[in-house]
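Taking it in order: structure first as structure tokens, then the write-up.
The values are calculated or read from the model by the stated rules, or taken from the named source; none is laboratory data. Keep in mind that what you see is a predicted model, and the values were worked out from it rather than measured. For neighbour counting, all protein chains shown are included, and Cβ atoms are generated from backbone atoms with ideal geometry for every residue, glycine included. Just the protein is used for accessible areas: all its heavy atoms, side chains included, with ligands, DNA and RNA removed. Shrake-Rupley method; radii C 1.70, N 1.55, O 1.52, S 1.80 Å.
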Amino acid sequence: MELPQIRIESRMAKIGMETERSKLEIQQKPADISIQQPKAEMFIERRPSKLTIDQTKAREDMDLKNISKRIEEFAEQGYQDWLDGLARVSQDGDELMKIENGFNAIPDIAKRNSEPPVYEFNIGWIPSPGSVEISYDPGEVNIQWQTHKPNIDVKINKPMIHYTPDKTRVFLQQQPSLKIDFDNLRFVGINYEQTI
């Protein structure tokens, strides 16, 4: 016995998708920096040092005297010798005035004028200690600095951003289909029979 059959064969549609990923590109240019450093300024005020050596006294001790000093000494010595001579003549005159009183003035005066003078002797140093005078002024140095702040100029560069959005393409990868088969199917009518 053959039974009528309906065979249905279907195939579902398939959707295909192709996707391109998004891209994000960032380029950051470094900042532009300009630095200028003005030079520092230095000011120096200086009073020079001074060394003074006075050896006048030492030269005088060695009999190397200045002509003005020598003239001054000769004038003083001449004046002193004149005073001493005046005193001696005055003393001799006083003694001679008293000769009538029994003084032996003439032999005393002759003896005193004929004897050489007695000089004192002592040890000395030439030049004498401390005869060279030394004075020293160390001077003065005043240093001042004036610094300047650096000039810094910074220019910030914006980042370069390039964005490509993702793309999705949707397509029909497989067409749907429906296949229907009939087997042993008959249409029976009045005095009529047909195989479908």
**OP:** Pop out the carbon and sulfur fraction of the accessible area of the stretch 101-196 as a percent, whole number, probe 1.4 Å.
**Re:** 56
Subject >> Volume per residue of the C-alpha convex hull in the chain, rounded to whole Å³ >> reply: 334
**OP:** Net charge near Asp183: determine it from the other residues with C-beta under 9 Å of the C-beta of Asp183, scoring Lys and Arg +1 and Asp and Glu -1.
**Re:** -1
Subject >> Rel. contact order, % - alpha carbon contacts under 8 angstrom, at least six apart, the chain >> reply: 58
**OP:** At 1.4 Å probe size, with no ligands or nucleic acids counted, give the accessible surface of Glu2 in Å², nearest ten.
**Re:** 130
Original post:
If the limit is 28 Å between Cα atoms, which of Lys14/Lys167; Lys50/Lys149; Lys39/Lys155 go over it?
Top reply: Lys50/Lys149
Original post:
Among Lys155, Lys29, Lys111, which one shows the biggest mean-square fluctuation in a GNM of the chain, springs joining Cα atoms closer than 10 Å?
Top reply: Lys111
Subject >> Solvent exposure of the stretch 86-133 as accessible area per residue, Å², 1.4 Å probe >> reply: 92
Original post:
Which percent of the accessible heavy-atom area of the stretch 1-94 goes to carbon and sulfur, probe 1.4 angstrom?
Top reply: 54
Original post:
Using a Gaussian network model of the chain with C-alpha springs under 10 Å, which one of Glu60, Glu76, Glu120 is most mobile by mean-square fluctuation?
Top reply: Glu120
Original post:
In a shell of Cβ-Cβ distance under 14 Å around Met62, excluding Met62 itself, what net charge do Lys and Arg (+1) and Asp and Glu (-1) give?
Top reply: +2
Original post:
Which residue, Phe182, Phe121, Phe43, tops the fluctuation ranking in a GNM of the chain built on C-alpha contacts under 10 Å?
Top reply: Phe182
